Amino acid sequence: MQQHNDGAKAMDGLIDGQQQGGEKNALLKKWDERVGKAVKAAGKQHALYKKCRDAVDLREKNEARKVNPYLIHSTLSALVPALYAKNPEIEVRPARLAAEVRGEVSPWVAFAEVAEDLLQREFVDNTDLKRRAKGCLLSTLTTGSGWLKMTLQDDYRADPMQYNRLNDAQDNVAEIEALQRELDEPAADEEAVAEALKFQTAHVEAALQGRSELFVQKGLVIDRVAAEDLFVLDDAVLELADYAKAEAIGQRVWMTAEVYKRVFAAAELPKGAKRFGKDKGEVGMLAGESADDCLLEVWEVWDKGSGHVFTFARGADDWAREPYSPAPTGERWYPFFGLMFNQMDGRYYPLSDVQTLIDYQDEYSHLRSQVRNSRQYNKPTFVVPKAGDLSAGDAQRLTEHVRDDESGKWIAANINPSQPISASIQQFPVPQLNHALFVPDMIFRDVEMTTRSGDAARGYVNKAKTATEAEIMSMGMQSGISERQDIIEDMMRDMARYALEIMVQSYTPDDVAQLIGAETPWQNMGIDVAFKHLALDIKAGSMSKPNKFQEREQWMQLMPVLQQTIAQMAQLQLQGQAGMAGALRKMLEETINRFDERIDLDEFIPDFAQDMMAQQMMQQQQMLMQQGAPQMDLPPNEAQPEGAM
């Protein structure tokens, strides 16, 4: 962080020098050219993104594909809930350095509990983490990479660009300011703008009086960034997964002219800014056209070397917002978090699951289309003679209607009544359909091997399997799912750590007391101090989909072991062999760990020492009563109930 601060100070001096020397746009031109090269270099990959999305969507049919099977969509629908079933369970505890206090309870224990509650509220609940993370996961499966951006919302004009802002009155105030600037423009429709200004002002006043919206709301904001809108601006990075080591990362945001003016408090669009149409293709402004009908390509570049954020519209002659040093930030500085599964050695972009399934879906679609064609042309064909008892007109009508007409019409024909109708009309032999040529088992098996998902994940059985085959496939699926869940948990751990780093710098004790609802030991500190005394982790398996059947089977196996071992421990305690009883407890703990169960043994195993002490005191009490000695006072928790004697 010290390097970032030094770089930020140096960049501040450089920007001030450029402003004084009249060369302010030199730095802007540098970044504008840099993002332009990045967009051009990523053109082929972005075309692949579109191809993968079209393979999932299948909106347009063509002559070769008459059946849209949506095989890829159904596969992704089964994978997403298997990979992300629940929000992660975050665990914050004192680090070993903080826990080692001489026989006293470490003050960091209470601080860790508050931090855990705060993360659950601010990071998991208020940000709608599950929906954002599932969208990111779907992007990863479709394009190969998914991105989330997490920032702190505090000041509308000072915050980085945010889409999913928390509801407060700052947005309404910004809208009022934009309407006031528009009202000052000479070409404005004063009556319409004044009416909109009046309505917006009344809305803000009503919101503040009724407290339906807070005027300023502080909190974490998580936005999902499209794969084609995030660029690693560092040629030295050889794999996209190493984005955190890059010199700079750029985010592209498409804005309408109206939104641009409101967000950046601009009276007019910047000179030189490129205009784009709704299809995001560059367009020129025609005479009489309004600039408000176009889109602007706005960039937010996070330069790690200088510690500054640069915001500008593509091609503009001036900054959309003056370069600034963001605060607070985490240790990694970048607010972007990427999720990637299928990384390839020596390849920059990871492989997407959809990309591996496109050929299988095309083959399956072709197969089903052939079946449809075969059914369509496998209709009975009737043969009638051109000469004989049928007239030429009747024969023509039969050939035109009988084969192609599916409405079941009756046709009258001039036939010799003394001859049966079958003598004049004969059915042509229909070719038999060979169903073995259209069995899709091979395609389904390839899909299962590629995605490592079996029938259980899909909810139906493609082909009956033996118990051994089903078990092998289930183990392979669990292995693949677990490996991907580990990657997701690593991303969640990084995000939770980043969130806590922001909160220990920006959330005051009063803020935390209002959120938690009680006095807390919370205090502001540097991130190096916080994580020297705190350890943060995601509970393994906490995001998995519950398997009730497997849990019941596992419990039925564990319960007899627990019963027998607890009985043996009690017997050893009565015999005075406390060491052997402790050894059995250790073995039982290891057994539970091997089953990957989270069971608290203290809830099942009684305190044998306390029971033995109570039993000895009861025996002494009975002996004294038999000898006529005064009755001994029992401990409060061991006192006998009334009427027991």
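Values quoted throughout were computed directly from the atomic coordinates according to the rules given, and no laboratory measurement underlies them. Here the structure is a predicted model, which means the values were calculated and not measured. For neighbour counting, all protein chains shown are included, and Cβ atoms are generated from backbone atoms with ideal geometry for every residue, glycine included.
Modelled this way, with points 7 Å down the Cα-to-C-beta line, the labels at ALA578 and LYS539 are 3.2 nm from one another. Residue by residue, the stretch 83-91 carries 3J(HN,Hα) couplings of 8, 10, 8, 9, 5, x, 9, 8, 10 Hz when phi is fed to the Karplus relation 6.51 cos²θ - 1.76 cosθ + 1.60 (θ = phi - 60°); x denotes Gly or Pro. Between the C-alpha center of the stretch 340-369 and that of the stretch 476-540 there is a gap of 35 Å. The HN-Hα couplings worked out from phi for the stretch 357-366 by the Karplus form 6.51 cos²θ - 1.76 cosθ + 1.60 (θ = phi - 60°) are 9, 4, 5, 5, 5, 5, 5, 5, 5, 4 Hz, whole numbers, x standing for Gly and Pro. Distant-in-sequence amide contacts of ASN126, defined by a placed amide H-H separation under 5 Å and a gap of 5 or more residues or a different chain, comprise nothing. Among the listed pairs LYS50/LYS280; LYS274/LYS304; LYS149/LYS274; LYS40/LYS149; LYS30/LYS50, give every one whose C-alpha distance is greater than 22 Å. In this structure, LYS274/LYS304; LYS149/LYS274; LYS40/LYS149; LYS30/LYS50 exceed 22 Å between Cα atoms.
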